[in-house]
Amino acid sequence: MRFLFKTDYEDDIRLFPHSGYFVSYGLLLAVLLIAPYVLSSYVMSQLVFVCIYATVGVALLILTGFTGQASLGHAAFLAIGAYTAAYLQKYGVPFPVYFLAAGLLTGLIGALVGFPALRLQGIYLVIATISFAFIVEEILARWESVTNGNEGMRIKAVSLFGVAVSRDSPTFYFLCLAVLVLTIVGTLNLLRSPTGRAFVAIRDSETAARSMGVNVALYKVKSFAISAAITGFAGVLFAHKLSFISPEMFTLQLSIEFIIVILIGGAFSLHGAVLGAIFIVMIDPFLTYLKDDMPGIIAGIAATFGAGTQAAANVQSKVATFASLNGLKGAIYGIIIVLFVLFEPLGLYGRWLKIKLFFQLFPLYKRATFKRQKIYVKSERNR
Amino acid sequence: MSYFRAESLSLHFGGLKAVDAVSFAVEKGEILSIIGPNGAGKSSIFNLISRIYRPTSGRIFFEDQDITEQPPYDIARLGIARTFQNIELFENASVLSNLLVGRHRHSTTQLWQELLFLPSVRAGEKVHRRRVEQVIEFLDLEPYRDKLISGLPYGVRKVIELARALCSEPKLILLDEPSSGLNVEETGDMSFWIRDLRSELGVTVLMVEHDMSLVNRVSDRVIALNYGRVLAMGSPAEVQQHPDVVAAYLGA
Amino acid sequence: MLDFVQQLVSGVALGCVYGLIALGFVLVYKATEVVNFAQGDLMMLGGFFAFTFIGMMGLNYWIGFAGAVAAMALFGMLAERVVVRPILGYPQFSIIMATIGLGYFLRSVSGMIWGTDDFKIDTPFSQGVLRIGSLVLADDKLSVIAATAILCTLLWLFFNKTTLGTAMRASSENMLAAYYMGIPVKRVVSIVWAISAAVATCAGVLLAPITFIHSNVGLVLGLKAFPAAVLGGFGSIPGAVVGGVLIGVIESMAGFYLAEGWKDVAPYIVLLAVLLLKPEGLFGLHVRKKV
């Protein structure tokens, strides 16, 4: 275990508290930079989605995790970013311009959503954001002169300095990675400065924040705007990666997926947002794998344990039917969410911290270190 | 002109007169205590000053400025800080960041500067930290600096609330029952700190308190309230002997 | 005018179904302060149970109805025991996520069991009509309205007049204090889930003549019932039904009088407007934290 000896206030301000961080994050960055030249294009494609989901996850974390304002409307912000990009691109606006414009417009709309949200708490805010998302979805489907309605819109490849960047190229991956890294660094900067602390203060006690001079309304709107803007940037990348967008892609289901990203990753940590994104993106390939390979493998196992050829084939076909059932994805989602809430409320990152501590303290680790306190909250209506 | 002045302040909830035409003044550098039985309207007066409630009528002046219509967050900017009866700390943050929120009214950096963490932000953070460390030293909070609030005992939280208020470098501090839930020893510490607040930091103190020993030890003047009205005002000894106050407490 | 009344009645009938689902939300919320996002899916499951008993096993409508309600009450208790009980007392967010997970699970599994087709339950009211002058009102719609009125009254009486109802309200205000006062909080929560699942089943069965039952119906209607509950001010039983009826009427009027597309968003626009003016809903309590 490492004990830090602090000699300067700087020690508490810097992002990497000690040299160990440089080594591990340097290694991680190196791996991420070589990845496109080593890994298959399918894996790279998944990695791009991880970057986009993680960016949205961080955005949602700012709003929900740090400012304590729930949102089930982030798919709408993603849609606004994506459609702004698609619309502007149609008129020959260059990539950097429409990228920024999409972020700014989404941020502005986020702020506009933030204003009515000021007076709303808890579930009232949740339903307000859901309503907002439905209205956006409907506008996208009906405002045909701009959005092309339910037909959807095509998006050409990114054009950087006159060169077209294909959505499967390493350059596009680097672009997404850069956006993610910048988002994370920006968020970390925010968290170590007055604005970030004001967010956390609002989350924990609005009354106290106000009495300390925090303009609660202003900071809530700021939080909405920042979160929406980042989601808007992610929306541009999302549109380019899919190269086709239509209203039914940006449903409540997607908003819930974003919430799952921060829940599974571990609320209140940026590491968690990234881990959660990896998890969500991996579910699909996992199901494909289940469908394609598992029947064979299970039949193989059955055969090794002495089942006859006939029985093994039988097992294989049964597993295959099961794996290709329609609702399997939803059921697995549901089970995963419930299991995480029941058994690992700190999420994947919490699990990682526990494992790390276990080895650091070996053999002194106590399970009770992370024991969850039941709080039996009194009625939240009396807020 | 008084330093801080409340003029016929009233707060009515329907027919209930929580505060009824209360007037008082606080002189600069004074320690003034408000006492009274439960439900006398003591905390309501604080909530009126910090604008959690809007007064039904009456005006509040601070440094000759009418602050009755100021938004709540501006009260802190004017230099009035407060603590809460039942502790309102930021539970899931460290002691240090709680105290740094106290510095909020002194932060001057813009959002975009913070996103990039420009040198100006870094320099500002160091200044804030230095101020916070001074308060930590003043209140002996060194062992708790990096602890989360949610894991700390009640007595320590009470001190941290005081510390957070002090971090904002207030001119006037409102202490809402600073000794509630503290043991005798901790109450003793609190009384020393309250006196030091005035002598070392030059802060004016307005305090709501039940513990008469604490009130006697620190206050210059005392106001006794009952049913939202002022019963008596004067030195601690005078007020305690006032027949109306005795009647209010003993129910005679 | 005649059109208007027809639209009004079908709006009210649809709204009653929303109101019944919203009642489920409100019941669980009133007793445990948990927003059960799987409420719509409990309704869907109830509908499927009833379909299995009536449509597939050929039982009498009323027997099948009662059977489905009883089965779902048990299922509600089971769901509470498995998903909610272990995290009772933890932050709201966890429990909400758990119910979202439960909803996913129920949707997918019932899709696997009953398939993704639409099902219809034949009811004694399916064909009949009530004629008042030139006004023609379908019995199935009237039956929904009547059933809602009865259920709502019963539940209101239960919550406000019985000891168990009082115990439920107490445990929602302060679970720990209720427990110390001798209220068996766990059993109370379990009973509430049973009741809310039973109410959801009534909604599912009554709904059947108006719309078809399919595995996503819970999600679709749940997303209408949720605003209904919020509109009424989460936590108020009459509020849930009034909110539901409002949403239903707005939807059916918007569908009839406004251009296509308004039907789906009009309820949400109205909801946002109401929340802007009255952030705690129509019948909600505005209580502020004491400091």
task: Enumerate the pairs (first residue in the stretch B:80-95 and more than 7 Å from chain A (Cβ to nearest Cβ); second residue anywhere and open to solvent by 10 Å² or more (accessible area, probe 1.4 Å) and aromatic (Phe, Trp, Tyr)) with beta-carbon separation below 7 Å, excluding pairs fewer than 6 apart on the same chain, so at least 6 apart or on different chains.
output: B:95/B:144
- request: Kindly establish whether residue B:72 is open to solvent by less than 40 Å² (accessible area, probe 1.4 Å) and under 16 Å from the mean Cα position of the chain (by Cα).
  value: yes
field: Flag if residue C:267 is open to solvent by 10 Å² or more (accessible area, probe 1.4 Å) and either in contact (Cβ under 8 Å) with a residue 12 or more places away in the chain or among the hydroxyl-bearing types (Ser, Thr, Tyr) (or both)
entry: no
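Could you please let me know if residue C:171 is among the small types (Gly, Ala, Ser), in contact (Cβ under 8 Å) with a residue 12 or more places away in the chain and farther than 27 Å from residue C:59 by Cβ? Give the steps one after another, and end with the answer.
Working: among the small types (Gly, Ala, Ser): yes; in contact (Cβ under 8 Å) with a residue 12 or more places away in the chain: yes; farther than 27 Å from residue C:59 by Cβ: yes.
Spelling it out, residue C:171 is indeed among the small types (Gly, Ala, Ser), in contact (Cβ under 8 Å) with a residue 12 or more places away in the chain and farther than 27 Å from residue C:59 by Cβ.
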message: Let me confirm something: among C:250, C:191, C:195, C:213, which residue is in contact with a strand residue (DSSP E or B) (Cβ under 6 Å, 6 or more places away or on another chain) and away from chain A (no Cβ under 12 Å)?
response: C:213
query: Scanning the stretch C:11-36 for residues that are open to solvent by 30 Å² or more (accessible area, probe 1.4 Å) and modelled with pLDDT of 85 or more, which turns out farthest from residue C:130 (Cα to Cα)?
result: C:14
- line: residue A:13: passes all of (1) open to solvent by less than 70 Å² (accessible area, probe 1.4 Å); (2) farther than 30 Å from residue B:97 by Cα; (3) β-branched (Val, Ile, Thr) but (2)
task: Determine which member of the set C:99, C:123, C:153 is free of Cβ contacts under 8 Å to residues at least 40 places away in the same chain and of a type in the set (Val, Ile, Thr).
output: C:153
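Limited to the stretch B:198-252, what total is found for residues that are among the basic types (Lys, Arg) and buried (at least 18 other Cβ atoms within 10 Å of the Cβ)?
Pass one, the stretch B:198-252, residues among the basic types (Lys, Arg): B:198, B:217, B:221, B:229.
Retained after the next criterion (residues that are buried (at least 18 other Cβ atoms within 10 Å of the Cβ)): B:221.
Final tally of qualifying residues: 1.
With the structure loaded, tell me whether residue A:198 is at negative phi, assigned to a helix (DSSP H, G or I), more than 14 Å from chain B (Cβ to nearest Cβ) and of a type in the set (A, V, I, L, M, F, W, C) or whether it fails that test.
Working: at negative phi: yes; assigned to a helix (DSSP H, G or I): yes; more than 14 Å from chain B (Cβ to nearest Cβ): no; of a type in the set (A, V, I, L, M, F, W, C): yes.
No; evaluated as a whole, the condition is false for this residue.
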query: Tell me, which residue of the stretch A:90-135 that is open to solvent by 20 Å² or more (accessible area, probe 1.4 Å), of a type outside the set (Phe, Trp, Tyr) and not in a helix (DSSP H, G or I) is farthest from the other protein chains (Cβ to nearest Cβ)?
result: A:92
query: Can you name every residue in the stretch C:253-287 that is at pLDDT below 80 and at the interface with chain A (Cβ under 7 Å from one of its Cβ atoms)?
result: C:261, C:279, C:285, C:287
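The values are calculated or read from the model by the stated rules, or taken from the named source; none is laboratory data. Quick caveat: nothing in here was measured; it's all calculated off a predicted structure. Every residue, glycine among them, receives a Cβ derived from its backbone with ideal geometry; neighbour counts consider all protein chains shown. Remember, those area values only see protein heavy atoms, side chains included, never the ligands or the DNA or RNA. Shrake-Rupley method; radii C 1.70, N 1.55, O 1.52, S 1.80 Å.
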